[in-house]
Amino acid sequence: MTAHESTVPRRSILRRLGGLVLKVLGFFVILEPVWMLLPFAGFLYGSVLQIESLNQNPRTAWLTHFVFPVLTGGWLGPVLVAIGFLIFCVGAGQIYWSKLRRAGLVTNGLYRFVRHPQYIALTLFGLGILLTWGRAITFIAFFVMMFLYYYLAKNEEQACVRLFGENYGRYRERTSFIVPGDRALRRLRGTLPTLRLAAPLRVTAAFVATMAVCVGLMGLIDAVKVRLRRVPFLVATVQLGPAEKPPDLPALAAGKVGDVPFVQSERILVARGPYRNAWASGFAETLLCRLRQSAALKNFLGFLDEPGNHDVLFVFSGPFEQPAQPGAAGTPGMFQGGGPDGRGPAPDPHGPDRVRLILMRCALADGATMPDALADKSKRRIVRGCIAPVNIARPDREDLVEGNVALPGPGFPGEARWDMFLRQFAAQPTEARQVPAVTTPGASGTGTLVVVQAPILRTRLDPDFAVGIRDRLLDSAMFRDRLRRSGVGGPVVAVAFPRPGPNWYREHHGTPQVSVFVILARLRPGSEPGDLFYPSRRELLGAFIAEMDFKRERPDDAVGEVTVIGPRRDLEERWRFFLSGVGGSDLGAPGSAGVGQVRGG
């Protein structure tokens, strides 16, 4: 056997293997649009593929955003999906009917106009999916799918030439490739310069060019979408109970040193975190207001009232239950992916208001300030430590300490604990390390609630459903209490984004469970609720998730659980995601008081 003869079968095997790989890749690529049409899409995305994990990294979070707004062009997308599916079935029917009859080459029906009508069908199908559910990952999959289809078509045509010979050659000469009428472009193609590259390099260059066009179009579409976007929302006033006079404390100041955000009142500094509950809006402020009132901590904090004593107090927060390994590194209580239906962090079994405080009495070096001591350990010396489990949800007339206070002796590993907390702060993503704004919990008797009719499509198609979410939130004592302790009132407003709950894909047309992502935001002076959607006119403070179940009929509270969101959920990124599916079309006709829309944002 000559070298040439041994090479031909090898090339044939490689060609077949390459064709098989292309078909397998094409199959997996089109699964993205197919999955989104199935009722168990939430299970596939949440439990199997863990798509939610993309949100943990800002470099991949954009893949979960929408390029095209949901239902762009109204019902055009679903219509294209139906047309594409119908054409695919007709084309497939022609091919398999011909095989059953052993009729040979198919050149009639749809194949009279183009050589690959099924690829036209899949293109229309994919385009319809983009206009219906145009996420970034779907958009990229569509371009990859088109790239693979081109080479699949070329591979299939080579197989047809081998199988049908001159008959297929004549058919190819008189019939368009994929787009009807593209025969007119053949002469133009012959005049264009060609890259004389090896096949692998040529395919690679073509793929890079395809992806460049894909990314460029994504940016252009997103810019146009943001400029023309109308954000539908409901506005309501929440009754929070009687306003309370803030305690007579020195002014609270917020700041950040290195990776540690904090709130300070004279000689007491409370770090926001590192445990997630301590990141909640109003949490550190409540601690500062109530620590001195605690009878259980009176002896330990007595040094703050001693004449001539200049020691200071640093307060860090950990999980309510003492960790199994106190000195171990890590970030307790942050994103675990164990929430309902795999969404968000698992709720703290002790609730969102309990933490274990680590209080450290320190002596400062001459001329040093408390922020100096956070930045440089040589500026302070730990004198004594205290560990106290607290619950800030306890009424003001009760001690916030819930359990036994531990006063360790000389063996207290203060420096090790200090280093552990700093490592946990350093583990937070850069975009989450913000200087916290000071809020005053309970200072207002009323607050503003804004329910955004996104990202759930039903809140836009069915305005009464959005109104129902708003009204059940207003009726919820648990929800109102959370807003009160978060400092809602005046310029601080609560913005609610309804999301699918655990049973959503089974009962979204009936009595579903809804997971409401609530972001606390402070409006700039002179701004109105509609200004929330312009980043320069508001500041995001914190967030929590309220789990709702519409099966709980009044007077039962529809909100059954509240989970505080830690800094690993960058609020600006979540805000952009929730609004990425909103476009310029008015899908639902708002028909109740308190409904508004804002352009842009």
Discussion item. Among the residues that make up the range 69-91, is at least one of them on the phi > 0 side of the Ramachandran plot, assigned to a helix (DSSP H, G or I) and either among the basic types (K, R) or in contact (Cβ under 8 Å) with a residue 12 or more places away in the chain (or both)?
Written reply: no
Worksheet item: Within the range 505-577, which strands (runs of 3 or more DSSP E) (wholly inside it) include 3 or more residues that are within 16 Å of A454 (Cα to Cα) and not β-branched (V, I, T)?
Response: 513-523
Discussion item. Please count how many residues of the range 371-384 are in a strand (DSSP E or B) and crowded, with 21+ Cβ neighbours inside 10 Å.
Written reply: 1
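Checking the structure you have, find out if any residue of the range 160-183 is assigned to a helix (DSSP H, G or I), assigned by TED's automatic domain parsing to the domain that holds R102, aliphatic (A, V, I, L, M) and at pLDDT 80 or above.
yes
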Worksheet item: Within the group P463, P491, which residue is outside the structural domain of V70 (by TED's automatic domain parsing) and under 29 Å from W75 (Cα atoms)?
Response: P463
Worksheet entry | Those residues of the range 259-315 which are touching a helix residue (DSSP H, G or I) at 6+ places or on another chain (Cβ under 6 Å) and over 20 Å from G414 (Cα atoms), in sequence order | V263, S265, G282, N309
Worksheet item: Yes or no: T440 polar (S, T, N, Q) and modelled with pLDDT of 90 or more?
Response: no
Worksheet item: Is it true that L474 is surrounded by fewer than 18 Cβ atoms within 10 Å (Cβ to Cβ), in contact with a Leu (Cβ under 9 Å, 6 or more places away or on another chain) and not polar (S, T, N, Q)?
Response: yes
Worksheet item: Is at least one residue of the range 244-252 within 30 Å of P319 (Cα to Cα), touching a Ser or Thr at 6+ places or on another chain (Cβ under 6 Å), hydrophobic (A, V, I, L, M, F, W, C) and crowded, with 17+ Cβ neighbours inside 10 Å?
Response: yes
Fill in: Residue tally, condition crowded, with 21+ Cβ neighbours inside 10 Å and more than 22 Å from the chain's Cα centre (by Cα), over the range 487-507
4
Worksheet item: Just checking, how many residues over the range 227-272 are of a type in the set (G, A, S), farther than 22 Å from D396 by Cα and not in a strand (DSSP E or B)?
Response: 1
Worksheet item: Quick check: is even one residue across the range 543-551 assigned by TED's automatic domain parsing to the domain that holds D462, at pLDDT below 90 and surrounded by fewer than 23 Cβ atoms within 10 Å (Cβ to Cβ)?
Response: yes
Item to complete: Could you please let me know if I392 is surrounded by 15 or more Cβ atoms within 10 Å (Cβ to Cβ) and in contact with a Leu (Cβ under 7 Å, 6 or more places away or on another chain)?
Response: yes
Worksheet item: For the range 397-416, how many residues meet the condition of being under 36 Å from the mean Cα position of the chain (by Cα) and in a loop (DSSP other than H, G, I, E, B)?
Response: 2
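The values are calculated or read from the model by the stated rules, or taken from the named source; none is laboratory data. The shown structure was predicted, so the numbers you read here are calculated from the model rather than taken from an experiment. Quick reminder, even Gly has a Cβ in these numbers, built from the backbone with ideal geometry, and neighbours come from all protein chains shown.
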